[in-house]
Amino acid sequence: MKIKRVTVTPIAFRDPPLLNASGIHEPYALRSIIEVESDNGYVGLGESYGDAPALAIQMAIKDQLPGLDPFNLNGLRQIVASTVARHKPANVSGAELAPGSHASKAVTNAYSAFEVALLDLQARSLNRPLIDLLGGAVRDEVPFSAYLFFKYAEHVESPYAADNWGEALNEEQIVGQARRMIEQYGFKSIKLKAGTLEPEREVACILALKKAFPDHPLRIDPNGNWSLETSIRMAELLGDSLQYYEDPCPGLDDMAQLHKRTGLPLATNMVVTDFAEFRRSVERNSVQIVLADHHYWGGLRDTQVLASMCQTWGLGVSMHSNSHLGISLMAMAHVAASVPNLDYACDTHYPWQEPDEEVIKGGKLPIVNGCVKINTTPGLGLELDRDQLGMLHEQFLRCGIRSRDDVRQMARYKPDWKAVKPRF
Ligand code: GKR
Ligand code: MG
């Protein structure tokens, strides 16, 4: 079996005005949809970053894949490495919250984009679910967590009708957001994206959530926007409310200090984003839980390596997410289902994406009792809806956004807005 054709289609889908440490989400999120077709008629699917630098590399790689055996993942690695070396990608400013967009991740994120599609293709040709190529499922469904955001009611200059989640800037609105998300999807844990309002107001929201959902483990994630002193002060206010404290302050050294001084379990998708940082973190005991993400950790198989490393060093493992659609969700679920030591419910932005903008046939994947079920059909079990793909590609062409920049977007609401880290 050989690869006959590869297609990379950039798409844009509506994204709500969610607040974060950098600023605010733009009205559209960008992704790429990858199709790899074999000479005997199978098609493997992948989903990855759609920012201009990532896309340029994916486009350069795709033309070199025809003729490659889809089982030759080491061959794919070589093609990716030599292409990235020629491209020398630049960093995207304003996208520091999307670690996969960093230039340093160009190899791992491009490899991952195609690895998922090749694994899907391999599995389809073998008539087995993809997870069988990852050693089989240790669980047949994967738990995800409710992912709450402070948000505005609508985007600046109203590019389209407001989403139906409404504003969320205080305790009552955040508890309401959690209630709706839990009622709709059955989530059993709750994460609050923070680093955006005054820290005391954000902590008050966690305390309100604890009161409203006493049985749901809680996490807060200020994305490194609190200084070490603020993180310690907030830890005192938080008491024992948290399951883990995610990236409160920036840097491996401050995280290590924070853990030493508070004893709280710290999680990260910011200070441990590759194996070199993993080693440095273990040396300092900076974090106790690593949030994996196959999109920038080098694919599904390297995510399994990361999970084994976590087991070796006594660290917990769970999963990080950026805005994404169903192909990514199913790939995340497959790798998570293959990891024995997945100790926490994974993150997903999926509930924030609108039901009329899924790119797979049948619309959005169900999340039931907080879980995504692993398919028993071949590969990832997904087919592309070509009309939706065409519509979302047209939207990409029209929307004018080519690289995520939450700082620039916030400056449209607050002209003096600048990137500052930590802000509090
Ligand atoms: O989408 O605003 C966002 C998030 O803040 C995202 O960019 C982060 O990468 O979800 C992420 C996280 O857990 O840090
Ligand atoms: Mg995070």
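Taking residues in segment 332-357 that are under 20 Å from residue 116 (Cα atoms), and partners anywhere that are hydroxyl-bearing (Ser, Thr, Tyr) and in a helix (DSSP H, G or I), the pairs with Cβ atoms closer than 6 Å and at least 6 places apart or on different chains are 335/303. Identify, by number, the condition in (1) outside any strand (DSSP E or B); (2) under 23 Å from residue 323 (Cβ atoms); (3) acidic (Asp, Glu) that residue 35 doesn't meet. Condition (1) is where residue 35 drops out.
The rows are residues; the columns are (1) assigned by TED's automatic domain parsing to the domain that holds residue 56; (2) open to solvent by less than 40 Å² (accessible area, probe 1.4 Å).
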| residue | (1), (2) |
| --- | --- |
| 74 | yes, no |
| 84 | yes, yes |
| 106 | yes, yes |
| 114 | yes, yes |
| 142 | no, yes |
| 148 | no, yes |
| 155 | no, yes |
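In this structure, does residue 207 turn out to be assigned to a loop (DSSP other than H, G, I, E, B), away from ligand 2 (no atom under 16 Å from the Cβ), over 18 Å from the mean Cα position of the chain (by Cα) and among the aliphatic types (A, V, I, L, M)?
It is false that residue 207 is assigned to a loop (DSSP other than H, G, I, E, B), away from ligand 2 (no atom under 16 Å from the Cβ), over 18 Å from the mean Cα position of the chain (by Cα) and among the aliphatic types (A, V, I, L, M).
A count restricted to segment 231-279 and to residues that are within 16 Å of ligand 2 (Cβ to nearest atom) and among the small types (Gly, Ala, Ser) stands at 3. Residue 95 satisfies every condition listed in (1) modelled with pLDDT under 95; (2) open to solvent by 50 Å² or more (accessible area, probe 1.4 Å); (3) of a type in the set (A, V, I, L, M) except (2). The set of residues from segment 101-142 being small (Gly, Ala, Ser) and at positive phi comprises 135, 136.
The set of residues from segment 252-281 being more than 16 Å from ligand 1 (Cβ to nearest atom), open to solvent by less than 10 Å² (accessible area, probe 1.4 Å) and outside any helix (DSSP H, G or I) is empty.
Is it fair to say residue 16 is assigned to a helix (DSSP H, G or I) and either crowded, with 23+ Cβ neighbours inside 10 Å or modelled with pLDDT under 95 (or both)? Criteria not met by residue 16.
Pairing each residue of segment 246-273 that is of a type in the set (Asp, Glu) with any residue that is part of a helix (DSSP H, G or I), provided the two are 6+ apart or on different chains, yields C-beta distances under 6 Å for 254/228.
Yes or no, residue by residue, for (1) over 27 Å from residue 158 (Cβ atoms); (2) within 17 Å of the chain's Cα centre (by Cα); (3) in contact (Cβ under 8 Å) with a residue 24 or more places away in the chain:
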site: 1; (1), (2), (3): yes, no, yes
site: 4; (1), (2), (3): yes, no, yes
site: 19; (1), (2), (3): no, yes, yes
site: 23; (1), (2), (3): no, no, yes
site: 31; (1), (2), (3): no, yes, yes
site: 35; (1), (2), (3): yes, no, yes
site: 41; (1), (2), (3): yes, no, no
site: 61; (1), (2), (3): yes, no, yes
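How about segment 274-327: which of its residues are of a type in the set (Ser, Thr, Tyr) and without any contact (Cβ under 8 Å) to a residue 24 or more places away in the chain? Answer for segment 274-327, where residues must be of a type in the set (Ser, Thr, Tyr) and without any contact (Cβ under 8 Å) to a residue 24 or more places away in the chain: 308, 312. Within segment 333-359, restricting attention to residues that are in contact with a strand residue (DSSP E or B) (Cβ under 6 Å, 6 or more places away or on another chain), within 21 Å of residue 188 (Cβ to Cβ) and part of a helix (DSSP H, G or I), the residue that is farthest from ligand 1 (Cβ to nearest atom) is 337.
Looking at 198, 229, 202, 167, which is the one that is surrounded by 15 or more Cβ atoms within 10 Å (Cβ to Cβ), on the phi < 0 side of the Ramachandran plot and charged (D, E, K, R)?
202
Answer with yes or no whether residue 329 is away from ligand 2 (no atom under 16 Å from the Cβ), open to solvent by less than 20 Å² (accessible area, probe 1.4 Å) and not assigned by TED's automatic domain parsing to the domain that holds residue 144. Answer is no for this residue.
When the residues of segment 332-383 are filtered to those that are surrounded by 21 or more Cβ atoms within 10 Å (Cβ to Cβ) and polar (S, T, N, Q), which remaining residue is nearest to residue 33 (Cα to Cα)? For segment 332-383, the residue satisfying everything is 353. Of all residues in segment 220-235, none that is modelled with pLDDT under 95 has its Cβ atom under 6 Å from the Cβ atom of a residue that is buried (at least 18 other Cβ atoms within 10 Å of the Cβ) and not in a loop (DSSP other than H, G, I, E, B), 6 or more apart or on another chain.
Apart from one condition, residue 176 fits all of (1) more than 16 Å from ligand 2 (Cβ to nearest atom); (2) among the small types (Gly, Ala, Ser); (3) open to solvent by less than 20 Å² (accessible area, probe 1.4 Å); the exception is (3). Selection of segment 223-251 for residues being away from ligand 1 (no atom under 16 Å from the Cβ), part of a helix (DSSP H, G or I) and closer than 25 Å to residue 407 by Cβ yields 228, 229, 230, 234.
The values are calculated or read from the model by the stated rules, or taken from the named source; none is laboratory data. As the structure is a prediction and not an experimental result, all values here were calculated from the model. Neighbour counts are summed over all protein chains in view; Cβ atoms, including those assigned to glycine, are modelled from backbone coordinates with ideal geometry. Side chains are part of the model used for accessible areas, which takes the heavy atoms of the whole protein and leaves out ligands, DNA and RNA. Shrake-Rupley method; radii C 1.70, N 1.55, O 1.52, S 1.80 Å.
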